[in-house]
Amino acid sequence: MKKPFFLFLLFVFIPSAGTTATLKVATDSPVVSLDPYFHNESPTNSINYNIFDGLLNFDKDLNPYPVLAKSWKQLDNVTWQFTLQKNVRFHNGNPFTADDVVWSFGRAKNNKTSRFKSVVTAIKRIEKIDDYTVNIITRGPYPILLRKLSAVRIMDQEYSEFLSDQELGQIPVGTGPYQLESWYPGKVLRLKANNNYFRGKPAIEKVQVFPYPDDKLRALAILSNYVDLATRIPATEVFHIKANENLTFSTRPGLRLIFLQMDQSRGKSPYIKGINANPFKDVRVRKALYYGINEALIIKRVMSGFAQPAGQFYPVPVNGNDPSVTRPAYDLEKAKALLAQAGFKNGFTVVLDSPNDRYINDEKIAQAVALCLSKIGITVEVNAMPKAQFFPKVLNADTSFYLLGWACSDGDGSGFLDATLHAFDDERGYGAYNGGRYANPEVDQLIEDSAMIFDEKKREQVLINAMHKSLIEDQCIIPLHYQVDLYATQKNVVMSPRADTYLYFYDMAFSE
């Protein structure tokens, strides 16, 4: 018999006595929600990854491995059968069964607040065969299904189905290695080990996560031994971290592209001043911005060298990267000439929306972009804000020009294409983060076709073709750089940085 909801609340919020090992973590960005489908961004996904399991997980190098799915096989080109783990229980004691899988995928696909629709849009339906077997039927051949499944965290149907979205975002129940102890948004989130976890008890008993968007405070927290692990170490503090004999400094080339997107749909854009037309509808203007941004200087001055210049959507480890595509050289004169040819010789004024607590030096990057574009006659007014305000603006297309970051955390270029470049399609979940409303039917077709090609080389070529059409021809976005991820830990913390930047505490430990 499943436990009532009020008993679970008592179970979660009564403080537990004592702790044998508490990991204190300083992160650069706060968690938005503990609803695993509410917002598809790494800091939020990272915490939910610890609370909720998927059918599969990724290891630190993005190789999928089974978790709630014990095994799987393909029955035909569109049918995958998954055998589920038995004797798994949610944090409230409820048994995990096929019903929870079917319900979770349905919510990810159909709930109005879900930002994971594009992840599951290729799935036609899920059939329960018995309590521990499900068939996933895709709309056509879908070779990357296993990679996509890791993004869908499994929820407890009986616990979840009668709660509001707001309640699910505050009091989560998963099967994962950690469960929520308490959460004070913007201040501290506390997790405690799920001692009955079916894969084995976690090595670390408790975790406390403190959001420190301020770079100096986050660095001070690790330098003063207040925390055991700090993410996104500011480049200005690397010297001090390395000089501290009690700390370990580690880096990993990141998957995250920082880029600019422009309103390319409206005849008159809401945050462009001084002219009646929307200059971003002209590809020559978009290309002028590309040539007019001195990215090498931004990497040197703003990023202190801890970034890689980007000339395409994704770095080398991601499927779809094309080594032949490089960033064009900074060229002020060419940028000015393109503006003049487009009829904007005297420039214009535009507001650049940017978060100030999400990406490494995000507001400083926006300010540097503004300075660069001022040299070609474009006045950029930077409007930097917390991500809690920024993302709703982008998702509602309430912007003319904005700075965004995206990492293909499943190692496949489809994640970027589906979410940020495909024409906005709320029903199928495409283009959820395409706030510029870029749309090209030919690109959309390439994106959709790529999902159904099993031949790896042919599929990769279609991904590359989509990039050539949308980026090189249409200049749909302005790539800036790929982040390099920087971490600091106390010497006694065993931790290996992940390609997706997630903090998976189950893989961490304290050395003896």
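The values are calculated or read from the model by the stated rules, or taken from the named source; none is laboratory data. None of the values given here were measured: they were computed from a predicted structure. Every residue, glycine among them, receives a Cβ derived from its backbone with ideal geometry; neighbour counts consider all protein chains shown. Calculation scope for accessible area: heavy atoms of the full protein, side chains included, ligands and nucleic acids excluded. Shrake-Rupley method; radii C 1.70, N 1.55, O 1.52, S 1.80 Å.
Tell me which label goes with the value of semi-axes √(5λ) of the Cα gyration tensor in Å computed from the coordinates here: (i) 34, 30, 23; (ii) 74, 49, 13; (iii) 38, 28, 20.
(iii)
Kindly sort Lys117, Lys457, Lys281 by accessible area of their heavy atoms, largest first, with the probe set to 1.4 Å.
Lys457, Lys281, Lys117
Dipole of region 47-150, Cα-centred, from +1 at each Lys and Arg C-beta and -1 at each Asp and Glu C-beta, to the nearest 20 debye?
420 debye
Less than 14 Å apart at the alpha-carbon level, and either on another chain or at least 8 residues along: which aspartates and glutamates does that give for Lys70?
List returned: Asp53, Asp131.
Of Asp331, Asp357, Asp156, which has the most accessible area and how do the rest follow, probe 1.4 Å?
My answer, sorted largest first, is Asp331, Asp357, Asp156.
When the accessible area of the chain is computed with all protein chains present and a 1.4 Å probe, what percentage of it is carbon and sulfur?
51 percent
Could you pull out the pairs from Lys287/Lys387; Lys192/Lys364; Lys364/Lys393 whose alpha carbons sit more than 30 Å apart here?
Lys192/Lys364
How many angstrom lie between the C-alpha centres of region 106-154 and region 362-415?
Between the Cα centres of region 106-154 and region 362-415 lies a distance of 31 Å.
So what is the relative contact order for the chain, in percent, with contacts set as C-alpha pairs under 8 Å and at least six apart?
The value is 20 percent.
Using the structure shown, list the pairs from Lys24/Lys60; Lys148/Lys216; Lys112/Lys469; Lys124/Lys281 with a Cα-Cα distance above 26 Å, or answer none.
Lys148/Lys216; Lys112/Lys469; Lys124/Lys281
Using a 1.4 angstrom probe, figure out how much accessible area the chain has per residue, in square angstrom, rounded to the nearest whole.
40 Å²
Which value, in Å² rounded to 10, gives the accessible area of Ile136 with a 1.4 Å probe and all protein chains present?
About 0 Å², rounded to the nearest 10.
Can you send over the solvent-accessible area of Asp100, 1.4 Å probe, protein chains only, in Å² to the nearest 10?
It works out to around 0 Å².
At 0.36 nm per residue, minus the direct Cα-Cα distance, what do Lys216 and Gln170 gain on full extension? Give it in nm, one decimal, please.
Contour length minus Cα-Cα distance gives 13.6 nm.
Roughly how many debye, to the nearest 20, is the charge dipole of the chain about its Cα centre, given +1 on each Lys and Arg Cβ, -1 on each Asp and Glu Cβ, and no other charges?
Charge dipole of the chain: 560 debye, to the nearest 20.
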